[in-house]
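The values are calculated or read from the model by the stated rules, or taken from the named source; none is laboratory data. Keep in mind the model is a prediction, meaning the values are calculated, not measured. Heads up, the Cβs are rebuilt from the backbone with ideal geometry, glycines too, and the neighbour counts pull from every protein chain shown.
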Amino acid sequence: MLTRIMQTNEESLELARDIIQAGGLVAFPTETVYGLGANALDEQACRKIFEVKGRPSDNPLIVHVHRDYDISSLVTDIPEYAVRLREAYLPGPLTMVFRSLGTVCPAVSCGLDTVAIRVPSHPKAQEFLKYVKLPIAAPSANISKHVSPTSAEHVLADFNGLIPLILDGGECTGGIESTVLDCTGEIPVVLRSGLVTREMIAEIAGDCKTHTPVAGEKVRSPGMKYSHYSPRCRTALYAEKDLDAAVSRYDAEEAKGAAVSFICLDSEARKVGQRKCLNIGMTAEEGARNLYRMLREGERELDMIIGIAPAGRDGVMAGLMNRFEKACGGVYEEKD
Ligand code: TXA
Ligand code: MG
């Protein structure tokens, strides 16, 4: 199959609509990462997403809708706080989980009685959703477990020859996936942190909790149990307080002939001297925007990436460090 990358304009949107209506897949830009979309009402089309990505069949998909779409045709029991959150933060990088009405096809929810709804703010995503006039099921447009794509080129690198069309909308400005919020209870619960932070949600909803998976308990957001966002090279992870151990590791790897680099925020990058470093920026927001692009750049030429994580986990840092830790293998190395 020929994979075309096209700027998002009338011609490509018409083609995208035809492909989606015929049960095919189209990759499209959002403000967070690129999505791999299919008609959420078409079971065969949604199954293709799982096949092409190599995605586990128990990991549900997010349904993307246009800002004017009436979601009461898809979900029920929308709490009052969710209405206020929608007014405050949508369109934007916040996905809300509600009870399903059973309208979307079974492959989307993977047997759960809930559906995750997202209204992306990227103007090209809005145009695409307006054109197709359908709810679009879409995971991030990467091969399962690989780093999420923040450009059309990243999507092509993973899916060349496997999908017919990639709508190009430039580089994603958000850079990490949307916040996933469980809105089925009295108090909203963050299942996956992102750019709409727990603090921002609590400000509007009065309260907000963060779900921490407990061993043996039923997983509430199946996606969170899988390893994710991994670059295709070796990785290691150190806390900023163990900087000396991280530097020793770097020097030992380099002495063995490995092409190695740190990845960290600017505050840590300043402390590693002349060693190679993927500096993801000064702030959590900059870090979120740059992390996946730098991991994808790094994996092309490096044998190993060593993450140095700062201590803070407030606000956007919660989402950034969740991705950062997973990308670097998730397990902190002990200080020697
Ligand atoms: O920013 C984003 O959310 C991107 C763009 C493309 O919109 N999409 C994305 O999709 O990150 P994906 O499939 O890579 O991640 C979806 C996450 C998974 O962790 C999944 O388990 C969770 O959302 N999820 C989906 N439906 C759910 C549901 N009904 N209940 C709980 N979690 C759900
Ligand atoms: Mg994903």
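Restricting attention to the range 207-238, and to residues there that are modelled with pLDDT of 85 or more and aliphatic (A, V, I, L, M), which single residue is farthest from ligand 1 (Cβ to nearest atom)?
So the residue we want is 236.
Filter the range 305-336 for residues that are of a type in the set (Lys, Arg) and surrounded by fewer than 22 Cβ atoms within 10 Å (Cβ to Cβ); which is farthest from residue 254 (Cα to Cα)?
Let us first name the residues in the range 305-336 that are of a type in the set (Lys, Arg), namely 313, 323, 326, 335.
Now restrict to residues that are surrounded by fewer than 22 Cβ atoms within 10 Å (Cβ to Cβ): 313, 326, 335.
On the way: 313: 31, 326: 23, 335: 19 Å.
Top of the filtered list is 313.
Sort out for me the strands (runs of 3 or more DSSP E) sitting completely within the range 1-72 that have 1 or more residues that are within 27 Å of residue 83 (Cα to Cα). Let's see the steps before the verdict.
Working: elements: 4-7, 26-28, 35-39, 62-64.
Counting at least 1 such residues, we get 26-28, 35-39, 62-64.
Let's see how each residue does on (1) in contact with a helix residue (DSSP H, G or I) (Cβ under 7 Å, 6 or more places away or on another chain); (2) surrounded by 15 or more Cβ atoms within 10 Å (Cβ to Cβ); (3) farther than 15 Å from residue 304 by Cβ:
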residue: 249; (1), (2), (3): no, yes, no
residue: 264; (1), (2), (3): no, yes, no
residue: 268; (1), (2), (3): yes, yes, yes
residue: 275; (1), (2), (3): yes, yes, no
residue: 288; (1), (2), (3): yes, yes, yes
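What pairs can you find where one residue is in the range 265-281 and of a type in the set (Val, Ile, Thr), the other is in a loop (DSSP other than H, G, I, E, B), and their Cβ atoms are less than 7 Å apart, with a gap of 6+ or different chains?
Close Cβ pairs (under 7 Å, with a partner that is in a loop (DSSP other than H, G, I, E, B)) amount to 280/265.
Do the conditions hold for residue 193, that is, is it small (Gly, Ala, Ser), farther than 16 Å from residue 308 by Cα and modelled with pLDDT under 95? Before you say what the answer is, go through the steps one by one.
Values: small (Gly, Ala, Ser): yes; farther than 16 Å from residue 308 by Cα: yes; modelled with pLDDT under 95: no.
Judged against the criteria, residue 193 is not a match.
Among the strands (runs of 3 or more DSSP E) contained in the range 147-199, which hold 2 or more residues that are away from ligand 2 (no atom under 16 Å from the Cβ) and surrounded by 24 or more Cβ atoms within 10 Å (Cβ to Cβ)? Break it down into steps so the answer makes sense when it comes.
On the way: elements: 165-168, 179-182, 189-192.
Output list reads 165-168.
Find all pairs meeting these conditions: Cβ atoms under 6 angstrom apart; at least six residues apart or on different chains; first residue within the range 112-126 and closer than 10 Å to residue 95 by Cα; second residue surrounded by fewer than 18 Cβ atoms within 10 Å (Cβ to Cβ).
Within 6 Å, the pairs are 119/67.
What do you reckon, is residue 86 without any contact (Cβ under 8 Å) to a residue 40 or more places away in the chain and either in contact with an Asp or Glu (Cβ under 6 Å, 6 or more places away or on another chain) or basic (Lys, Arg) (or both)?
Details: without any contact (Cβ under 8 Å) to a residue 40 or more places away in the chain: yes; either in contact with an Asp or Glu (Cβ under 6 Å, 6 or more places away or on another chain) or basic (Lys, Arg) (or both): yes.
Criteria met by residue 86.
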